[in-house]
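The values are calculated or read from the model by the stated rules, or taken from the named source; none is laboratory data. Bear in mind the structure is a predicted one, so any value in this text is a computation, not a measurement. Here the Cβ is made from the backbone with ideal geometry for all residues, glycine too, and neighbour counts use every protein chain on show. Heavy atoms of the whole protein, side chains included, go into the accessibility calculation; ligands, DNA and RNA do not. Shrake-Rupley method; radii C 1.70, N 1.55, O 1.52, S 1.80 Å.
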Amino acid sequence: MTVKTIEDLFVHELSDIYSAEKQLTKALPRLAKAADAAELTAAFEAHLEETRGQVERIDKVVDLLGIRLKRIKCAAMEGLVEEGKDVIDSVDPGPLRDAALMGGAQKVEHYEIAAYGTLCALAKQIGYRDALPLLKETLEEEKATDEKLTMLAEGGGNRRAAIKAA
Ligand SMILES: [Fe+2]
Ligand SMILES: [Fe+2]
């Protein structure tokens, strides 16, 4: 697609993250299954539910603004999902794989945080006042997920990985 205006850029960025969220709804069940610690499986499952809600929130933004999303595939998320598959292929189930899965999941969250942060800034600039709270809500969910993953890693996940490896 050609991007010539800030409105075009907003549509492009929203289309990109829409693709990213859709890819994640397919990847998260696989990650939940691959995790060893029950709390990590639960965290992935909880974020799957949230992610489905985030897709619906984008649909609401689209309706609200009367825009049309472009059919694009988020190449970054495709790569991050691919790396998650590599982890599953290369690390046996257990604390070490969990540590790798948590790290990969945080890369995903950071990508999403950057994407929604950009969308919020663009929406503000353009004056999409009604869409802004929806985008902010998702931004906060992504940040909370990132923090939850940090807590899981620091709260023993990575220590267990170190003990197992020693
Ligand atoms: Fe998301
Ligand atoms: Fe997320």
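Taken over region 132-163, the criterion of being hydrophobic (A, V, I, L, M, F, W, C), away from ligand 1 (no atom under 16 Å from the Cβ) and out of contact with any Pro (no Cβ under 7 Å at 6 or more places or on another chain) is satisfied by 132, 151, 152, 153, 162, 163. All of 44, 10 fail the test of being in contact with a Pro (Cβ under 9 Å, 6 or more places away or on another chain), among the hydrophobic types (A, V, I, L, M, F, W, C) and buried (at least 18 other Cβ atoms within 10 Å of the Cβ), apart from 44. Based on what the data block shows, is residue 109 within 21 Å of residue 35 (Cβ to Cβ) and either open to solvent by less than 30 Å² (accessible area, probe 1.4 Å) or free of Cβ contacts under 8 Å to residues at least 24 places away in the same chain (or both)? Yes, satisfied. For residue 38, the stated conditions hold: it is away from ligand 2 (no atom under 13 Å from the Cβ) and surrounded by fewer than 13 Cβ atoms within 10 Å (Cβ to Cβ).
Residues that are in contact with a helix residue (DSSP H, G or I) (Cβ under 6 Å, 6 or more places away or on another chain) and of a type outside the set (A, V, I, L, M) within region 72-90 comprise 73, 74, 83, 84, listed in sequence order. Out of the residues in region 139-164 that are open to solvent by 100 Å² or more (accessible area, probe 1.4 Å) and among the aliphatic types (A, V, I, L, M), state the one that is farthest from ligand 2 (Cβ to nearest atom). For region 139-164, the residue satisfying everything is 163. Given 92, 63, 98, 86, which one is crowded, with 20+ Cβ neighbours inside 10 Å and away from ligand 2 (no atom under 16 Å from the Cβ)? Criteria check complete, one pass: 98. Are any residues in region 114-133 more than 13 Å from ligand 2 (Cβ to nearest atom), open to solvent by less than 30 Å² (accessible area, probe 1.4 Å) and in contact (Cβ under 8 Å) with a residue 60 or more places away in the chain, and if so, which ones? Selection gives 119, 122, 123, 131.
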